[in-house]
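> First the structure, then my questions, so here it is.
The values are calculated or read from the model by the stated rules, or taken from the named source; none is laboratory data. For clarity, every value in this text was computed on a predicted model and none was experimentally measured. Here the Cβ is made from the backbone with ideal geometry for all residues, glycine too, and neighbour counts use every protein chain on show. The accessibility values were calculated without ligands, DNA or RNA, using every heavy atom of the protein model including side chains. Shrake-Rupley method; radii C 1.70, N 1.55, O 1.52, S 1.80 Å.
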Amino acid sequence: MIYDENNIFAKILRGEIPCKKIYENDFVLSFYDINPQKKIHALVIPKGQYVDLDDFSLNASQDEMVGLLKGINTVAKKLGISVDNGKGYRALTNINEHGGQEVPHLHFHLFGGEKVGKMVQ
Ligand code: AMP
């Protein structure tokens, strides 16, 4: 698995392309998806160079893993869609071609702000 340093999320992380930022810390960056599929559609990405969840699971440090999971929870709370907010949301990550992944930098989609249905199409 070779990481493409010119993928669009790598450029966002380097500040070469703007994003509508929601949250950032040492481990993650979160921003709104440019083509929202639900009322709220956010992305949470690790700052490290990981192609997808398989790559991350095999190669990320424990701090990075904890940082990503906690980052998702923090963003959900910030957006008012977490269980703490009495709501809920769908966290989803696509992996490689059969998973429908388009951008080869690991990212979790957070869908919420409304009932998101039984399955994403
Ligand atoms: P995936 O198919 O899981 O790889 O999802 C890639 C997502 O990135 C899609 O939902 C796109 O709408 C989104 N996307 C692509 N370019 C940008 C961008 N510049 N800013 C925010 N979201 C983007």
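> Can you tell me which lysines have their Cα less than 25 Å from the Cα of residue 115? Leave out same-chain residues fewer than eight positions away.
20, 21, 38, 39, 70, 77, 78, 87
> Could you give the size of the charge dipole of the chain about its Cα centre, using +1 on the Cβ of each K and R and -1 on the Cβ of each D and E, expressed in debye and rounded to the nearest 20? Kindly include the intermediate steps, with their values, before the conclusion.
Numbers: 14 positive and 15 negative charges, 166 e Å.
About 800 debye.
> Right, here's the next one. Using θ = phi - 60° and the Karplus relation 6.51 cos²θ - 1.76 cosθ + 1.60, list the HN-Hα couplings for region 43-58 in order, rounded to whole Hz, with x at every Gly or Pro.
Using θ = phi - 60°, the values come out as 10, 10, 10, x, 6, x, 8, 10, 6, 7, 5, 4, 4, 4, 4, 7 Hz.
> Turning to a different aspect of this structure: Give me the 1.4 Å probe accessible area per residue for region 8-112, excluding ligands and nucleic acids, in Å². Write out the running numbers ahead of the final one.
Numbers: 5930 Å² over 105 residues.
Per-residue value: 56 Å².
> Give me the percent of the accessible area of the chain that comes from carbon and sulfur atoms, probe 1.4 Å, all protein chains in place.
Numbers: 3760 of 7550 Å².
So the carbon and sulfur contribution to the accessible surface is 50 percent.
> Okay, moving on. Can you give the calculated 222 nm mean residue ellipticity of the chain, where each DSSP H run of n ≥ 4 adds -39,500 (n - 2.57) and the sum is split over every residue, rounded to the nearest 500 deg cm²/dmol?
Numbers: 4 runs with 35 residues, N = 121.
Result for the chain: -8000 deg cm²/dmol, rounded to the nearest 500.
> Which sequence of 95, 22 reflects their accessible areas, 1.4 Å probe, from the largest down? Working shown, then result.
Numbers: 95 55, 22 25 Å².
Heavy-atom accessible area, descending, gives 95, 22.
> Related question: Calculate one ³J(HN,Hα) per residue across region 75-91 by plugging θ = phi - 60° into the Karplus curve 6.51 cos²θ - 1.76 cosθ + 1.60, and present them in order as whole Hz with x for glycine and proline.
Per residue, the Karplus-derived 3J(HN,Hα) values read 5, 4, 5, 4, 7, x, 10, 7, 4, 4, 7, x, 10, x, 7, 10, 9 Hz.
> Excluding residues fewer than 8 places away in the same chain, name every one of the aspartates and glutamates whose C-alpha is closer than 16 Å to that of residue 11.
24, 33, 102
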